[in-house]
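Before any comments, here is the structure.
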Amino acid sequence: MREALTIGELSARSGVASSALRYYERLGLIRADRTGGNQRRYERSELRRVAFIRIAQQVGVPLEEIRAALAELPESRTPTRADWARLSRRWRARLDDKIAMLTRLRDELTDCIGCGCLSLQRCGLSNSSDRLAGAGPGPRILLGDPPAGR
């Protein structure tokens, strides 16, 4: 095995707890070889996979979707830029939606924090009489639904 990492080294290099790495391995997100003493050894290419998992989780991609995406990467070689680009294209629309939501949150919530809601007519959190209940759960106006009856 060439320059393999121990679980502690992978943890330190990736910033992910050893327990999470074992969980990722159980889910098939990352792979480890075993030594004669049954200790895990990770190829350095697993660092890239762990980084991808962390970023995908931070933007809200469920682990099952991450697993399915990583399953499309080649097992016999380190993924290339083209491999990663192909994989990431499927989440482009999701990322664009997330960016738009975060932008709305930044622009609209700033007015709400500490304002005392002196203008409930313009408040992005106000849903008077629960008029947007049929649109789904959560802060519907901040999520992009038009205010009902305004």
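The values are calculated or read from the model by the stated rules, or taken from the named source; none is laboratory data. Everything numeric here is computed off the predicted structure, so don't read it as measured data. Counting neighbours? That spans all protein chains shown, and the Cβs are built from the backbone with ideal geometry, glycine included.
Structure summary
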| quantity | calculated |
| --- | --- |
| Filtered residues of the stretch 66-79 (kept if surrounded by 14 or more Cβ atoms within 10 Å (Cβ to Cβ) and either within 16 Å of Ile55 (Cα to Cα) or not hydrophobic (A, V, I, L, M, F, W, C) (or both)) | Ile66, Arg67, Ala69, Leu70, Pro79 |
| Residue satisfying all of: in the stretch 35-60; among the hydroxyl-bearing types (Ser, Thr, Tyr) and surrounded by 13 or more Cβ atoms within 10 Å (Cβ to Cβ); nearest to Thr80 (Cα to Cα) among these | Ser45 |
| Selected residue (only one of Glu64, Glu3, Glu72, Glu46 is in contact (Cβ under 8 Å) with a residue 40 or more places away in the chain and in contact with a helix residue (DSSP H, G or I) (Cβ under 9 Å, 6 or more places away or on another chain)) | Glu46 |
| Scan of the stretch 67-77 for residues that are part of a loop (DSSP other than H, G, I, E, B) and either outside the structural domain of Ala51 (by TED's automatic domain parsing) or modelled with pLDDT of 70 or more (or both), ordered by number | Glu72, Leu73, Pro74, Glu75 |
| Criterion: among the charged types (D, E, K, R), part of a helix (DSSP H, G or I) and not assigned by TED's automatic domain parsing to the domain that holds Leu102 - qualifying residue of Arg31, Arg44, Arg49 | Arg49 |
| The stretch 15-31 residues that are more than 15 Å from Glu43 (Cβ to Cβ), paired with ones that are at pLDDT 95 or above (beta carbon under 6 Å, 6 or more apart) | Ser18/Ile7; Ser18/Ser11 |
| Subset of the stretch 8-28 (residues that are outside any loop (DSSP other than H, G, I, E, B) and either under 17 Å from Arg67 (Cβ atoms) or touching an Asp or Glu at 6+ places or on another chain (Cβ under 9 Å) (or both)) | Leu10, Ser14, Ala20, Leu21, Arg22, Tyr23, Tyr24, Glu25, Arg26, Leu27 |
| Residues located in the stretch 1-14, provided they are loosely packed, with under 15 Cβ neighbours inside 10 Å, modelled with pLDDT of 95 or more and out of contact with any Phe, Trp or Tyr (no Cβ under 9 Å at 6 or more places or on another chain) | Gly8, Ala12 |
| The stretch 80-123: number of residues that are under 30 Å from Val50 (Cα atoms) and at pLDDT below 75 | 0 |
